[in-house]
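Student: Take a look at the following structure, please.
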Amino acid sequence: MEELFGPIELITDPVPFLYTDYYDREMGKRPDRFFIVFERLMDPTDLVRCKLATNGIEQEFAEKGKRTLNLDPGILSAENLILATTKNRSHRIPLGSGIYGEVTLLYAHHDFQDFPWTYADYKSTSAKALFRQLRTQYLELLKQLGQK
């Protein structure tokens with residue numbers, strides 16, 4: 001992934017994904033969930049390229065046609081967290097090449113707000129705390145770069 005997205009800044013500790021059994025049948029067990037944060041800022045228009053690349057990685061590591069990992073690239077900005085997906089739903093915007101964008105969290109009233117469609121793990125206190133910390137670092141970087 002570093003070849004595609006650059007140096008890794010942070011990998012969170014893995015925690016059991018207990019929010020749903022959605023992945024159990026395909027992966028054969030409850031997967032662990034962790035977040036990977038890359039150092040390089042990404043142009044939001046590259047989200048399609050990133051999701052297509054992570055889909056390729058998922059297929060590369062698949063066993064007997066079943067994924068052994070699930071990669072969900074996203075973009076954190078000052079205003080929101082956007083995830084890329086291949087699944088179309090009423091609240092998702094087509095970005096191209098079969099990829100859709102979803103505003104998963106909105107930053108308002110000094111915190112991240114979730115929606116009815118926000119995945120349970122992204123609604124969690126620990127995930128929101130991580131995203132607040134990353135948002136603060138992002139805003140500081142923008143200030144250093146003279147962009148905000």
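The values are calculated or read from the model by the stated rules, or taken from the named source; none is laboratory data. Values in this document were obtained by computation on a predicted structure and should not be read as measured data. Cβ coordinates were reconstructed from backbone atoms using ideal geometry, including for glycine residues, and neighbour counts include every protein chain displayed.
Student: Out of the stretch 82-100, which residues are of a type outside the set (S, T, Y), surrounded by 14 or more Cβ atoms within 10 Å (Cβ to Cβ), under 19 Å from P116 (Cα atoms) and more than 8 Å from the chain's Cα centre (by Cα)?
Tutor: Selection gives R92 alone.
Student: If a residue has to be over 23 Å from A53 (Cα atoms) and among the small types (G, A, S) to count, how many in the stretch 80-116 make the cut?
Tutor: 2
Student: Which condition from (1) more than 13 Å from the chain's Cα centre (by Cα); (2) hydroxyl-bearing (S, T, Y); (3) surrounded by 11 or more Cβ atoms within 10 Å (Cβ to Cβ) is the one that T125 breaks?
Tutor: (3)
Student: Now for a different question. Tell me the residue from T68, T54, T45 that is β-branched (V, I, T) and touching a Leu at 6+ places or on another chain (Cβ under 6 Å), please.
Tutor: So the residue among T68, T54, T45 that is β-branched (V, I, T) and touching a Leu at 6+ places or on another chain (Cβ under 6 Å) is T54.
Student: Looking only at the stretch 104-123, count every residue that is without any contact (Cβ under 8 Å) to a residue 12 or more places away in the chain, outside any strand (DSSP E or B) and within 23 Å of H91 (Cα to Cα) and tell me the total.
Tutor: So the count comes out to 3.
Student: Consider F115 carefully, then state whether it is modelled with pLDDT of 95 or more and within 19 Å of T12 (Cβ to Cβ).
Tutor: For F115, the condition - modelled with pLDDT of 95 or more and within 19 Å of T12 (Cβ to Cβ) - is not met.
Student: Checking the conditions here, which among D13, D21 is in contact with a Lys or Arg (Cβ under 8 Å, 6 or more places away or on another chain) and part of a loop (DSSP other than H, G, I, E, B)? Steps first, answer last, please.
Tutor: Numbers: D13 fails: in contact with a Lys or Arg (Cβ under 8 Å, 6 or more places away or on another chain).
Just one listed residue meets the conditions, D21.
Student: State all residues of the stretch 49-65 that are surrounded by 11 or more Cβ atoms within 10 Å (Cβ to Cβ) and among the charged types (D, E, K, R); if no residue qualifies, say none.
Tutor: R49, K51, E58
Student: Could I ask something else about it? Mind checking which residues of the stretch 33-68 are of a type outside the set (D, E, K, R), assigned to a loop (DSSP other than H, G, I, E, B) and touching a residue at least 40 places away in the same chain (Cβ under 8 Å)?
Tutor: Hits for the stretch 33-68 are F35, L41, T68.
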